[in-house]
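**Q** This structure is in structure tokens; I'll ask about it shortly.
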Amino acid sequence: MMFAVGKGNQLFRVSETVFHGLTSVCIRKAMDYAKFALPSRYHGSEKSVWVEYIQLALEHKPLNLGQGFPDFAAPDYVTKALSDAALSDNVLLNQYTRGFGHPRLISALSRLYSKLIGRSIDAQSEILVTCGAYEALFASILGHTNPGDEVIIIEPYFDCYVPMVRAGGGVPRFIPLRPKKAEGTVSSSDWVLDEKELEGLFNSKTKAIILNTPNNPVGKVFNQRELELIAQLCKKWNVLCISDEVYEWLVYKPNKHIRIASLPGMWERTITIGSAGKTFSVTGWKIGWAYGPAPLMKNLQAVHQNSVYTCSTPLQEAVAKGFEIEIERMGSPECYFESLAAELVAKRDYMAKFLSEVGMNPTIPEGGYFMIADWSPLESKVNLNDETDKYKDYRFTKWMTKNVKLQGIPPSAFYSDEHKNLVENFVRYCFIKKDENLQKAHTILKNWKK
Ligand code: PMP
Ligand code: GLN
């Protein structure tokens with residue numbers, strides 16, 4: 001068959017093949033994006049406090065005590081280990097390494113955690129190296145969640161837990177830590193779970209509970225009794241415990257970090273998560289890990305091998321060297337795990353002092369590098385009507401970023417909708433910052449208060 005193409009009296013006869021070729025070039029049908037809307041498993045997760053507040057910081061250039069990262073150098077033997085790895089005569093250190101973890105790193109992690117947990121941890125089958133603790137959480141949650149499974153989440157929680165549970169079709173069930181007191185010196189140990197409420201959440205549909213100790217953002221270090229209760233309920237209901245322990249080394253005396261995997265009967269039902277970013281003050285390296293019993297780790301491996309497959313080789317080599325050095329000096333004051341915590345106590349206490357001085361009421365954290373503080377005594381100095389957000393802590397932190405040039409994070413980002421109101425009067429500040437920057441924060445607040 002022949003077709004006529006052209007206009008008016010300028011018509012040409014073309015073959016069917018040429019005609020179809022021409023029409024596909026000329027007819028542009030508008031793309032229908034409705035077909036490409038975000039899949040429903042991510043509905044409700046479109047907003048991220050990190051995306052929003054990092055953009056806010058770029059625009060307003062405040063003193064940034066928002067996103068948690070050190071503004072000082074990591075230990076030089078760790079950063080040098082990275083440059084040595086990249087420049088090594090062993091050119092393979094710049095190529096893919098073993099998918100479930102670089103041999104030198106899993107061997108160091110196995111040595112370290114075998115000692116800390118009190119059992120022999122098999123490097124090959126019981127450890128997985130991931131792209132930051134984020135990916136370890138993702139693999140743990142997605143590797144265990146079937147549609148309809150319930151996952152208990154203690155509030156405040158690191159915000160990505162919920163979108164991850166929902167992406168797996170799971171149902172988050174929330175229980176908030178509530179402060180026992182609001183006046184006087186408040187410690188993160190005053191933020192507690194209601195035991196009956198916790199017991200009431202466990203049922204036959206419960207697949208997992210996510211624990212974060214030391215907690216971000218409150219700084220609570222769960223004590224033996226609290227962990228034993230969680231352990232007892234996990235065992236009673238045959239539930240998995242995903243224990244996010246990225247701040248395991250940042251615990252302030254006399255508090256002690258207890259790994260729930262080391263409690264009786266808990267190894268076989270716990271996946272513990274760590275982060276090189278927090279351990280060696282290199283948050284930009286995005287190397288993390290998960291360890292636990294082989295039958296559970298197999299599920300994480302399935303998620304990892306089909307998404308990320310393998311993490312950066314030179315970074316893993318450098319983190320391995322860092323651990324080799326620190327394992328040798330563990331328990332001594334030179335050990336980075338000890339010295340960083342000691343350095344942070346002074347920063348924590350200084351921040352608590354200047355926040356109290358300007359009239360806020362801080363909760364003194366037992367661990368981690370964040371402090372939450374009740375700012376409501378200063379409400380008359382802030383024009384919350386300038387901002388339109390639903391929750392007051394968002395309005396407060398945005399107003400402060402723009403007008404006072406000091407940035408914090410709204411803690412309601414770490415709560416479910418039903419409990420966000422519990423922390424609307426709070427702000428989270430990060431204190432792993434150079435002394436001069438903490439002093440600047442102090443000055444900014446003092447001048448504002450005047
Ligand atoms: N869990 C908690 C509690 C955190 O604060 C963070 C902070 N980044 C992560 C997990 C993620 O760690 P990473 O940067 O190693 O992915
Ligand atoms: N864990 C860090 C914090 O809580 C960083 C979070 C992030 O960048 N997503 O500030």
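**Q** Each residue of the range 397-404 in order: what ³J(HN,Hα) in whole Hz does its phi give by Karplus 6.51 cos²θ - 1.76 cosθ + 1.60, θ = phi - 60°, with x for Gly and Pro?
**A** Running phi through 6.51 cos²θ - 1.76 cosθ + 1.60 with θ = phi - 60° gives 5, 5, 4, 5, 4, 6, 9, 10 Hz.
**Q** Determine which aspartates and glutamates satisfy two conditions relative to Lys353: a Cα distance under 20 Å, and not lying fewer than 8 residues away in the same chain.
**A** Hits, sequence-local ones excluded: Glu183, Asp190, Glu343, Glu366, Asp374, Glu379, Asp435, Glu436.
**Q** Pairs of alpha-carbon atoms within less than 8 angstrom and 6+ residues apart define the contacts here; what relative contact order does the chain have, in percent?
**A** The value is 21 percent.
**Q** Follow-up. Quickly work out the Ala86-to-Lys61 label distance, labels modelled 7 Å from Cα along the C-beta direction, and quote it in nm with one decimal.
**A** 2.8
**Q** Let me ask something additional. Against the longest principal axis of the chain, how steep is helix 294-305, in degrees 0 to 90 to the nearest 10, with axes from Cα atoms?
**A** Helix 294-305 sits roughly 40 degrees off the main axis of the chain.
**Q** Helix 103-117 sits at what angle to the longest principal axis of the chain, using alpha carbons and giving 0 to 90 degrees rounded to 10?
**A** 40
**Q** Mind jotting down the three principal axis lengths of the range 213-277 based on Cα atoms? Whole angstrom, largest first.
**A** Extents along the principal axes, in whole Å: 32, 24, 19.
**Q** Here is a follow-up. Under a GNM of the chain (C-alpha, springs under 10 Å), which listed residue has the highest mean-square fluctuation: Phe72, Phe370, Phe36?
**A** Phe36
**Q** For a quick check: with amide H placed at 1.01 Å from N, whose amide H comes under 5 Å from Ile364's, ignoring anything fewer than 5 positions away on the same chain?
**A** Correct list: Val186, Ser187, Ser188.
**Q** Then there is this: In whole percent, what relative contact order does the range 329-450 give with Cα contacts below 8 Å and a gap of six or more residues?
**A** 25
**Q** Which aspartates and glutamates have a Cα less than 13 Å from the Cα of Lys80, not counting those fewer than 8 places away in the same chain?
**A** Within the straight-line cut-off, Lys80 pairs with Glu317.
**Q** Need one word for the range 92-218: rounded, prolate or oblate. Basis is the Cα gyration tensor (sqrt eigenvalues a ≥ b ≥ c); a/c below 1.5 gives rounded, then a/b vs b/c decides.
**A** prolate
**Q** Pull up the cross-link candidates among the aspartates and glutamates for Lys298, meaning alpha carbon to alpha carbon under 17 Å and not fewer than 8 places away within one chain.
**A** Lys298 reaches Asp122, Glu126, Glu135, Glu268.
**Q** I'd like to know how the chain sits against the 2.2 N^0.38 Å rule of thumb: what's its Cα Rg over that expected value?
**A** Details: Rg = 25.7 Å, N = 450, 2.2 N^0.38 = 22.4 Å.
Its radius of gyration relative to the 2.2 N^0.38 Å reference: 1.15.
**Q** For the range 210-282, what is the number of Lys pairs with C-alpha distance below 20 angstrom, counting only pairs 8 or more positions apart or on separate chains?
**A** Counting lysine pairs in the range 210-282 gives 5.
**Q** What Kirkwood radius, in Å to one decimal, follows from the Cα pairs of the range 333-450?
**A** Computed over Cα pairs of the range 333-450, the Kirkwood hydrodynamic radius comes out at 14.9 Å.
**Q** Also, quick follow-up: Going by alpha carbons, how many degrees (0 to 90, nearest 10) lie between the helix axis of 132-142 and the longest principal axis of the chain?
**A** The answer is roughly 70 degrees.
**Q** Something else: What ranking, highest mean first, results for peptides 131-138, 179-186 when packing means the other Cβ atoms within 10 Å averaged over each residue?
**A** Put in order of decreasing packing, that is 131-138, 179-186.
**Q** Can you give the calculated 222 nm mean residue ellipticity of the chain, where each DSSP H run of n ≥ 4 adds -39,500 (n - 2.57) and the sum is split over every residue, rounded to the nearest 500 deg cm²/dmol?
**A** Working: 14 runs with 165 residues, N = 450.
Taken over the chain, the calculation gives -11500 deg cm²/dmol.
**Q** Measure off 7 Å from each Cα along the Cα-to-Cβ vector at Asn403 and Lys434, then give the distance between these two points in nanometres to one decimal.
**A** 3.0
Laboratory data are not the source of any read-out in this text; all were calculated from the coordinates shown. Everything quoted here is computed from the prediction, not taken from an experiment. Cβ: placed from backbone, ideal geometry, glycine included. Neighbour counts: every protein chain shown.
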